[in-house]
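Below: one structure, written as structure tokens.
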Amino acid sequence: MSSKDWIEKDYYAVLGVPKAASADDIKKSYRKLARESHPDHNPGDPRAEERFKAVSEAYAVLGDEAKRREYDEMRSLFGSGAFRRGARGGGQPGGMPFDVSDLFGGGAAGADRRFGGAGFQDLFSSIFSGGGGAAPRGPSRGRDVEAEVALDFDDAVRGVTLPLTLRAPGVCDTCHGSGAKPGTQPRACPVCHGAGVTTRNQGSFSFSEPCRNCQGVGTIVEEKCPECQGTGGVTKTRTLNVRFPAGVADGQRIRLAGRGEPGERGGPAGDLYVHVKVRPDDVFGRSGDDLTLTVPITFAEAVLGTDLRVPTLDGAVILRVPPGTPSGRVLRARGKGVVRKDGRAGDLLVTLDVAVPATLSDEARAALETFAAQTPPAAREHLDARVRRVS
């Protein structure tokens, strides 16, 4: 990705976020747009594939704090129409800003004429990239890839290995990434002699830019690979077996090093990040390493106490409900929750919910009225005192 791309492309607009957006907002927008435009969801739609590439490119910059800061600074400097003389070797730091077109006369068009038709923004990309000249394009790391997997609740708690199918760029098997026809090899570019950059001098200024003959690669492919047409990469569908550890949580991101897009020119591959979505269970909930469960009990069970049989992930346990238990009390079954990485387990937290019947038989109502007559009233004196004070 060149400095020219950073100047010309508004990555914030691509992701549909304001410049002041937080890192979380940028990530959310990227994930939404990536899902909508993913080639797997839009088979045979080249516009969706281009949109997916643009969104991925934007997130590769804005999703990295250091790259985002550099991108913002570069666009701010270019957008101002001026920079300080001390910024790139000429004059003293803190000098007065001036319009770069003053260097050449005739503005950007004049600059293009003075440099033999070279694009004015191409020249600027060499200035902003670091003063000492653009670096040759050698091996570069591949992009990171993101995927999303939905797991059943039990699989997330216990751990599971699942196949994950990805459709992404990969190294061409015919030329093994060189881009050259089998039996041939790329040769050094005769213009830049393999450096990948060319340098132009204009007075006291020296401008370096990617070599136009080899596009900054440093090599020329004379006989292109028939499979990838000289690019060295093709779109592949691959299946990986991904191990999700026991206790993986909803929203967790698992990193698989080196399983992303392959690097260019022999560079290392990027990483694969798998976002986990856990489907809710119809019985259990989860709070960290603890499992949660709500169990209804009758009024009589709450008053008299009972032995309660409740499910766990590994069968059933008996919990003692003491007499006089109020609704909402939590009982704890130790070690019956999610197993931690160190081998220890969380607990099962059982919340008791006293069920109140909506209807009663005549016999049950009579028995309850007799019970009510024999029991003391609820302690509400403090509430009555409050009422009297405000009356």
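Every number here is computed from the coordinates shown, using simple stated rules; none is lab data. This is a predicted model, so every value here is computed, not measured. Here Cβ is always computed from backbone atoms with ideal geometry, including for glycine, and neighbour counts include all displayed protein chains.
Just a few scattered comments:
- Relative packing of peptides 18-26, 156-164 - highest average C-beta neighbours within 10 Å first: 156-164, 18-26
- Annotation: lysines with alpha-carbon distance below 17 angstrom to LYS32 (same-chain offsets under eight excluded): LYS53, LYS277.
- Only beta bridges with both residues in the range 285-374 are counted; by DSSP, about 70 percent of them are antiparallel.
- Here the spin labels are modelled as points 7 Å beyond Cα on the Cα-Cβ line, and at ARG253 and LYS236 they lie 2.5 nm apart.
- Charge context of ALA156, other residues only, Cβ under 13 angstrom, K/R +1, D/E -1: -1
- Normalised contact order of the range 285-374, rounded percent, pairs of Cα under 8 Å and 6 or more residues apart: 32 percent
- Between amide H atoms placed 1.01 Å from N, distances below 5 Å from VAL160 occur with PHE244, all of them 5 or more places distant or on a separate chain.
- Here the 3J(HN,Hα) profile of the range 147-164, calculated from phi with Karplus coefficients 6.51, -1.76 and 1.60 at θ = phi - 60°, is 9, 10, 10, 9, 10, 5, 4, 4, 5, 5, 6, 8, x, 7, 10, 10, x, 10 Hz, Gly and Pro shown as x.
- This model, with +1 at the C-beta of Lys and Arg and -1 at the C-beta of Asp and Glu, gives the range 285-374 a dipole about its Cα centre of some 520 debye.
- Cα gyration tensor category, rounded, prolate or oblate, for the range 285-374 with a/c compared to 1.5: prolate
- With a Förster radius of 25 Å applied to the beta-carbon distance between GLU36 and ARG279, the computed FRET efficiency rounds to 0.70.
- Those aspartates and glutamates that a straight Cα-Cα span of less than 16 Å connects to LYS19, excepting residues fewer than 8 apart in one chain: GLU8, ASP10, ASP64, GLU65, GLU70, ASP72, GLU73
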